[in-house]
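What follows draws every value from the coordinates through simple rules; no lab data is involved. Fair warning: this is a prediction, and the values are worked out from it, not measured in the lab. Cβ atoms come from the backbone with ideal geometry, glycine included; neighbour counts cover every protein chain shown.
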Amino acid sequence: MQTDRSPADGADQGAHHAGFSDATDNVDGSERGGLSGPSVRSDVLFQGAKVVHIHHEGAVYQLRTTKLGKLILTK
């Protein structure tokens, strides 16, 4: 999987601008637990915030962290 493409080659840069490619570069196979597909570390995703808004198929979801370090996804 190639994640670092320049805008000149016409690649979609949306994931890179969101820090996605940087997040996947920092996750090794042992942290991923053998999962296939993209993987993002929560500290990179949240960037110090407690809530991240996810736009999916016309709806906005909120992914929150709790005081105990759990994740909660709500619509």
Label-point separation, residue 44 to residue 70 (7 Å along Cα→Cβ), nm:
2.7 nm
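Quickly rank 54-60, 64-70, 40-46 as a protection proxy: mean count of other C-beta atoms within 10 Å, highest first. Spell out each step's value before the answer.
Values: 54-60: 7.7, 64-70: 9.4, 40-46: 15.0.
So the order, starting with the most tightly packed, is 40-46, 64-70, 54-60.
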